[in-house]
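Input: a single structure, listed below in structure tokens.
The values are calculated or read from the model by the stated rules, or taken from the named source; none is laboratory data. All of these numbers come straight from a predicted model, not from anything done at the bench. Here the Cβ positions follow ideal geometry from the backbone for every residue, glycine too, while neighbour counts run over all protein chains shown. Areas reflect the complete protein model, heavy atoms only, side chains present, ligands, DNA and RNA absent. Shrake-Rupley method; radii C 1.70, N 1.55, O 1.52, S 1.80 Å.
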Amino acid sequence: MECSKSGELLSDYLDGILDLKSATELEVHLSGCERCRQEFDHLKALVTELNRMESIRAPDDFLNQIHKRLQPRFSFDNVVKKLFFPLRIKIPLEFAAAAIVAVIIFSVLAIRQPERQLVRATGRSISSSAVEKELDGYRVSPELIKSKAKPDLRHTTPRKLAEENQPIVLAMVIKIGESGPVTQSMGIQDAATEPLPGKVAGVMETESRPSIHFSEQKSMPQPPVAESAEKIVPARSPRQAASPRKDEQEVKEKALLNLSETIQRLIKIVQSLEGSVLSESDTEPFQSPRMVTVSLPARRYDEFVAELERMAPFRMPPPSYPVSDQDSIHMQISFILSD
Amino acid sequence: MNKIELHPDPTHNEDANLVAAFQAGDKSAFDGLVRKHKDRIFNLCYWFLGDYQEANDCAQDTFIKIYRNMLKFRFKSTFSTWAHRIAVNTCKNRLKSFHYRFSRKIVRLDNRGGTSNPDGDIADETYSPAVEHEKMERRLRIRKAINTLPTEKKTVIVLRDIQGLPYEEIVNLTGLPLGTLKSKLARARKDLRAILSGEMS
């Protein structure tokens, strides 16, 4: 037998699985070959050493650890682990996702911005030239303004408009009759614009201090179209200016009386609703504008509106005011009397 | 001739009874199987992976796989063979896994040149006088040498020489033909000896 052949058989021979014939031949070879015998001795030593290798035992709590892992767990820790671990992979992923979502939201808002402005602008359009100017800025055709000119208060609530950080304007129109105000209507109007002539206008702002502006005018015989919020014909028309002076004086006094009465009624209403009058400018009792600043608990706002309604019915429903936003509403009510 | 004693498991009937009990709905039978086999499986994993913590993870994985698959066990082999097969496959997968390679690289870097108690991950060992220390060093060298073997050679040498499983069982659980197993084992032993005597780096 050759040494190379012998080398192949040593392992089997060591384990005692060599057939008898081969084993005998190998034994003969080993007895004559020092090198192969050494090889065999080394191999045997190694295998013996391996056989005697210390057995590493499982830890004492091995079974408990397995039980723990077998229990279905839906603990907070597991959720956190699933969400955030491994940190170096999931945290950047989550940041990336958040960034993408933010970009999408902002781009959607940016796309919708002109549309929202349009809603706002048309809501307050009421034929005001200032509003038309603003709409021109958005390149909206006059036809579109006309078609959307009718204000829809349900879709332009104070909350929605407040998000744009713009003053919300509520126009209140009261037609003064012989025995006081008979009609009220509320609409949206730009705070910066002049009070609507020939009308009583209420203005409500929700920027930080919401306010309602009222302006009142003597009850001149008005053309019927003046009642419409969309088509306001200025009361100071040449026709009216040309009316007889005596009649005018008489009517003005009557209107001033109505004005004072209206102010007193309003103050009473405010006081009955736990509100308070903060200031009242009456430098010239018979001059307009007169301004009353009142504070009203926000939760009483609905009652306030109801009281106003009792004075005269609303032609358009007043906007609702979110109670949770602040505890009290400050209202600046100015009564403007045009001559 | 020094014939290596083969270890046919004389208690495989006990295993079969426990498996049958488990399959009949007695989940606590699993605990008995774990208690009986955990050390052997753990040892196998330890020598296969060369790391105590990895061995712990793999041994746990093995028993969890056993738990989840025991209802499908059809007694075509002994429970022990089946369990060893699962353990070997789990270890092989672990060796292939990115996590194992990555963590091993870290350990290797950390341990480079460091000789202070490198074998300290064995729980029941304490630092001992010179002889013990020498034994420990030798064991560490063998463990490292086994670790450098390719997976197939490592498998046969761990199963045969460390675990002391009979050829028949190794054939059963690895699926290798007996002839292949014999030659692989012979080569693995030769390589290991070469590594340990410094003939191979």
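In the calculated pair distance distribution of the range B:149-201, what percentage of Cα-Cα distances lie above 13 Å?
Numbers: 756 of 1378 pairs.
Value for the range B:149-201: 55 percent of Cα pairs lie more than 13 Å apart.
When ligands, DNA and RNA are left out and all protein chains stay put, how many square angstrom of accessible area per residue does the range A:3-51 have with a 1.4 Å probe?
53
So, with a 1.4 angstrom probe, what is the percent of accessible area on the range B:149-201 that is carbon and sulfur? Intermediate values should be presented prior to the final figure.
On the way: 1080 of 2120 Å².
Here carbon and sulfur together make up 51 percent of the probe-accessible area.
To the nearest 20 debye, what charge dipole does the range B:149-201 have about its Cα centre, counting +1 at the Cβ of each Lys and Arg and -1 at the Cβ of each Asp and Glu? Walk me through the numbers before you get to the answer.
Details: 9 positive and 6 negative charges, 33 e Å.
For the range B:149-201, the charge dipole is close to 160 debye.
Buried accessible area for the B:A pair, summed, 1.4 Å probe, in Å² rounded to 100? Write out the running numbers ahead of the final one.
Working: alone 12120 and 21710 Å², together 30120 Å².
Roughly 3700 Å² of accessible surface disappears when B and A pair.
With a cap of 14 neighbouring Cβ atoms within 10 Å, and only residues DSSP puts in a loop, list the chymotrypsin sites (Phe, Trp or Tyr not before Pro) found in the range B:24-104.
Of the chymotrypsin sites (Phe, Trp or Tyr not before Pro), the ones in loops of the range B:24-104 whose Cβ has at most 14 other Cβ atoms within 10 Å are B:75.
Go through the range A:1-46 and flag every residue whose accessible area shrinks by 20 Å² or more with all protein chains in place compared to the isolated chain (probe 1.4 Å).
A:11, A:12, A:13, A:14, A:15, A:16, A:17, A:39, A:42, A:43, A:44, A:46
Just the number, please: carbon plus sulfur as a percent of the accessible area of the range A:3-51, 1.4 Å probe, no ligands or DNA/RNA counted.
On the way: 1400 of 2620 Å².
The computed percentage sits at 53.
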